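A short worksheet on the structure shown next.
The values are calculated or read from the model by the stated rules, or taken from the named source; none is laboratory data. Since the model is a prediction, treat every value here as computed from it, not as a measurement. Keep in mind that these areas ignore ligands, DNA and RNA; they rest on the heavy atoms of the full protein, side chains included. Shrake-Rupley method; radii C 1.70, N 1.55, O 1.52, S 1.80 Å.
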Amino acid sequence: MASLSENIVQLRKEKNVTQEEAAKGSGIVLRSYIRYEKGEREPVASVLTRMANYFGVSTDYLLGRTDKRD
């Protein structure tokens, strides 16, 4: 299974949005979002939930705990 950073990069590319658009859509500061994509930081639960909602997947999928997106 993929890591959080790999999953959010893949989902962002599938959605065809920039890092800035993904950050804004998730309610995250761009600098933090970029660090999540690079694997330099791990989001807190509330941020993880906002990202999952934005991408339309479960938090378990984002974290790489399952291959099921919902």
Per the filter on the range 1-43, residues modelled with pLDDT of 95 or more, open to solvent by 90 Å² or more (accessible area, probe 1.4 Å) and of a type in the set (A, V, I, L, M, F, W, C) are VAL29
Taking the range 44-70 and keeping residues open to solvent by 60 Å² or more (accessible area, probe 1.4 Å) and among the hydrophobic types (A, V, I, L, M, F, W, C) leaves VAL44, ALA45, LEU63
